[in-house]
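Undergrad: My questions will all concern the structure given below.
The values are calculated or read from the model by the stated rules, or taken from the named source; none is laboratory data. These numbers come from a predicted model, not from an experiment. Cβ coordinates were reconstructed from backbone atoms using ideal geometry, including for glycine residues, and neighbour counts include every protein chain displayed.
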Amino acid sequence: MANDPLSAHSAQRILDRALRDGGFYADIFCERRSSVQMRLQEGAIHEAGLSQNLGAGVRVVVGESAGYAYTEELSEERLLEAAARAAAIARLTAEGSSHADRLEPLERSRDALYDRTRTENAAPAHLAALLERAEIAARAGDARIVGVNAHVVDELQELWIARSDGSFRFDRRPMVTLGVQCIARTGQERGTGYCADGGRTSIAFFESTTPEELARESARIAVVNLEARPAPAGEFETLLGAGGGGVLLHEAVGHGLEGDFNRRGVSLYSGRIGERVASDSVTIYDDGDIPEERGSASFDDEGTPCGHTVLVERGILRGYMHDELNARLMGMRSTGNGRRQSFRHLPQPRMCNTYMPPGDANLDEMIASIDRGIYAKSFAGGQVDIGKGDFVFMIAEGYLIERGRLGAAVKNATIVGNGPDAMTKVTAVGNDARLARRHYTCGKGGQYVPVGVGMPSLKISAMSLGGTDSARG
């Protein structure tokens, strides 16, 4: 890729302009992103091509308000104009006191958590070959697989961050993803499966985690759902699966621990640091420092080093996830969770990789302890009310538990509940903690960023299951 688009001297002049009219803090976020994406549908490659984005934004903070303006032309003249616009917006919307204390200088950034030397995207022919291998493997195992869709993305993001505290950062972040969806059919019955993986690495990742492996797992889930019976409805003792079950933890609990929601008092966790918010077997971390995970980075999108944040410890709320602005307004320090979708967006407090560490329970023993319940092994998505913590999640792969044994697979099942309430009903935490396969993307306020999720198997005393079987639980 090309040389740095922003010199230190130019950055200083732009920051001086941003602060000239009374701003207390300013930063510049400059980004160059290139991405190759391909999609396979019924044997044909679609949407092949290279996309590139280049631009920069200037943020100015006055009191409790931030003004932001961006440009796609990386000249000093255009960035000076953006700085002036951002300063004007900040002054117009400023609230509260000036908060004139300056941010502390950043500590030295750590070594990279991923390969920062790669400067070119993978060849399209290489990506196409991965998709073709996935389709062959998906169809090979079971004649009931009647449809295969797959997609692959190889992305490189370069970013430069200059801050008015004198800090200047550069990073080069890779990202790859390969996903396979299978459709199984017998007569009028239909089942779907999906499996994907990737992370902050190169396309060589798929030499060890192969497209065949992902395709076979997707096909297996599709056949399970083809053969599944309609799910019952009612309240059940519930076992959440290790790894992918962490998406429920992320959505139903994690968002409520982001600093902006708590500063504004709209989260159920607002003002509750030091209080019990979960069973004493529940501990929750957010960590942006895990090598090659989707949510990891050497530093966040404000230039603050990412790290390990204790959110809940043995049921006690210990802290929130912060960006620079919300941390300052709450009298705290940033946890390295200031993230943004691109140079066109302001940073927000966002999760990186949110997970629960292992307990001491054995999965087989947890199953054996349940007389009648549900094993929600993985989820396909859902909806959450962040303020209240209420959620509805669709189960991607689930099973009945009957008399201490796994029973029939169930389909068209949803888990309905409240995140904070569910965390108080945790009765056992498995010793099988793991991070999920790396393909999750999180949306908030119209912005989408890559994240990691994970947890051990989790036993909850009661959760509501929505199903279509008239025989209720």
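Undergrad: Taking the condition in the same structural domain as CYS352 (by TED's automatic domain parsing) and more than 25 Å from ARG33 (Cβ to Cβ), does HIS250 pass? Outline the logic, then answer.
TA: Numbers: in the same structural domain as CYS352 (by TED's automatic domain parsing): yes; more than 25 Å from ARG33 (Cβ to Cβ): no.
No; evaluated as a whole, the condition is false for this residue.
Undergrad: Let me ask something else about it. Given the criterion more than 16 Å from GLY245 (Cα to Cα), β-branched (Val, Ile, Thr) and in a strand (DSSP E or B), identify the matching residue among VAL416, VAL429, VAL453, VAL449.
TA: Values: VAL416 fails: more than 16 Å from GLY245 (Cα to Cα); VAL429 fails: more than 16 Å from GLY245 (Cα to Cα); VAL453 fails: more than 16 Å from GLY245 (Cα to Cα).
It is VAL449.
Table: residues versus (1) under 30 Å from VAL60 (Cβ atoms); (2) in a loop (DSSP other than H, G, I, E, B); (3) not small (Gly, Ala, Ser).
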{"position": "VAL282", "(1), (2), (3)": "no, yes, yes"}
{"position": "TYR285", "(1), (2), (3)": "no, no, yes"}
{"position": "ALA297", "(1), (2), (3)": "yes, yes, no"}
{"position": "GLY303", "(1), (2), (3)": "yes, yes, no"}
{"position": "VAL310", "(1), (2), (3)": "no, no, yes"}
{"position": "ALA327", "(1), (2), (3)": "yes, no, no"}
{"position": "THR335", "(1), (2), (3)": "yes, yes, yes"}
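Undergrad: Only one of these is surrounded by fewer than 19 Cβ atoms within 10 Å (Cβ to Cβ), in a loop (DSSP other than H, G, I, E, B) and either at pLDDT 95 or above or aromatic (Phe, Trp, Tyr) (or both): ALA100, ALA112, ALA143. Name it. Steps first, answer last, please.
TA: Values: ALA100 fails: either at pLDDT 95 or above or aromatic (Phe, Trp, Tyr) (or both); ALA112 fails: either at pLDDT 95 or above or aromatic (Phe, Trp, Tyr) (or both).
Only one candidate passes the filter, namely ALA143.
Undergrad: Which one is surrounded by the most Cβ atoms within 10 Å (Cβ to Cβ), of the residues in the range 161-183 that are more than 30 Å from ALA123 (Cβ to Cβ) and polar (S, T, N, Q)?
TA: Looking at the filtered set, the residue picked out is SER164.
Undergrad: Which number in (1) buried (at least 17 other Cβ atoms within 10 Å of the Cβ); (2) modelled with pLDDT under 95; (3) under 22 Å from ALA413 (Cα atoms) marks the one condition that SER457 misses?
TA: Against the list (1) buried (at least 17 other Cβ atoms within 10 Å of the Cβ); (2) modelled with pLDDT under 95; (3) under 22 Å from ALA413 (Cα atoms), SER457 comes up short only on (2).
Undergrad: What number of residues in the range 260-279 are crowded, with 21+ Cβ neighbours inside 10 Å and either more than 23 Å from GLU64 (Cβ to Cβ) or acidic (Asp, Glu) (or both)?
TA: Of the residues in the range 260-279, 3 are crowded, with 21+ Cβ neighbours inside 10 Å and either more than 23 Å from GLU64 (Cβ to Cβ) or acidic (Asp, Glu) (or both).
Undergrad: Something else now. Working only within the range 263-280, note down all residues that are within 21 Å of ARG350 (Cβ to Cβ), in contact with a helix residue (DSSP H, G or I) (Cβ under 7 Å, 6 or more places away or on another chain), part of a loop (DSSP other than H, G, I, E, B) and in contact (Cβ under 8 Å) with a residue 12 or more places away in the chain.
TA: SER267, LEU268, TYR269, VAL277 - these are the residues of the range 263-280 that are within 21 Å of ARG350 (Cβ to Cβ), in contact with a helix residue (DSSP H, G or I) (Cβ under 7 Å, 6 or more places away or on another chain), part of a loop (DSSP other than H, G, I, E, B) and in contact (Cβ under 8 Å) with a residue 12 or more places away in the chain.
Undergrad: While we're on this one: Restricting to the range 379-399, name every residue that is crowded, with 22+ Cβ neighbours inside 10 Å, assigned to a strand (DSSP E or B) and not β-branched (Val, Ile, Thr). Write out each step before concluding.
TA: In the first step, residues of the range 379-399 are kept if they are crowded, with 22+ Cβ neighbours inside 10 Å; the result is 379, 389, 393, 395-399.
The next check asks that each one be assigned to a strand (DSSP E or B); those that pass are 379, 393, 395-399.
Passing the criteria: PHE379, PHE393, ALA396, GLU397, GLY398, TYR399.
Undergrad: Scan VAL58, VAL62 and give me the residue that is surrounded by 22 or more Cβ atoms within 10 Å (Cβ to Cβ) and modelled with pLDDT under 95.
TA: Numbers: VAL58 fails: modelled with pLDDT under 95.
Every option except VAL62 fails the conditions.
Undergrad: Determine which single condition VAL247 fails, assuming it passes every other condition in (1) within 22 Å of TYR448 (Cβ to Cβ); (2) in a helix (DSSP H, G or I); (3) among the β-branched types (Val, Ile, Thr); (4) at pLDDT 95 or above.
TA: Of the numbered conditions (1) within 22 Å of TYR448 (Cβ to Cβ); (2) in a helix (DSSP H, G or I); (3) among the β-branched types (Val, Ile, Thr); (4) at pLDDT 95 or above, the odd one out for VAL247 is (4).
Undergrad: If you don't mind, another one. Of all residues in the range 400-413, which are over 13 Å from GLY191 (Cβ atoms), assigned to a strand (DSSP E or B) and small (Gly, Ala, Ser)?
TA: GLY407, ALA408
Undergrad: Here's a check for you: in the range 338-361, which residue that is in contact with an Asp or Glu (Cβ under 8 Å, 6 or more places away or on another chain) and surrounded by fewer than 20 Cβ atoms within 10 Å (Cβ to Cβ) is nearest to SER298 (Cα to Cα)?
TA: Of the range 338-361, the ones in contact with an Asp or Glu (Cβ under 8 Å, 6 or more places away or on another chain) are 338-340, 342-343, 347-355, 358.
Next cut, surrounded by fewer than 20 Cβ atoms within 10 Å (Cβ to Cβ) only: 342, 358.
Numbers: SER342: 17, PRO358: 25 Å.
Checking each candidate, the answer is SER342.
Undergrad: Ok, one more. What number of residues in the range 200-232 are of a type outside the set (Lys, Arg), more than 24 Å from the chain's Cα centre (by Cα) and either in a loop (DSSP other than H, G, I, E, B) or more than 20 Å from ALA125 (Cα to Cα) (or both)?
TA: Of the residues in the range 200-232, 11 are of a type outside the set (Lys, Arg), more than 24 Å from the chain's Cα centre (by Cα) and either in a loop (DSSP other than H, G, I, E, B) or more than 20 Å from ALA125 (Cα to Cα) (or both).
Undergrad: Is the range 322-337 home to any residue that is over 18 Å from SER270 (Cβ atoms), more than 21 Å from the chain's Cα centre (by Cα) and surrounded by fewer than 24 Cβ atoms within 10 Å (Cβ to Cβ)? Outline the logic, then answer.
TA: Initial filter on the range 322-337 (over 18 Å from SER270 (Cβ atoms)): 324, 333-334, 336.
From what's left, more than 21 Å from the chain's Cα centre (by Cα): 333.
Subsequent filtering for residues that are surrounded by fewer than 24 Cβ atoms within 10 Å (Cβ to Cβ) retains 333.
Checked the range 322-337: at least one residue is over 18 Å from SER270 (Cβ atoms), more than 21 Å from the chain's Cα centre (by Cα) and surrounded by fewer than 24 Cβ atoms within 10 Å (Cβ to Cβ).
Undergrad: Looking at (1) in contact with a helix residue (DSSP H, G or I) (Cβ under 6 Å, 6 or more places away or on another chain); (2) under 27 Å from LEU130 (Cβ atoms); (3) of a type outside the set (D, E, K, R), which one does GLY49 not meet, given that it meets all the others?
TA: (1)
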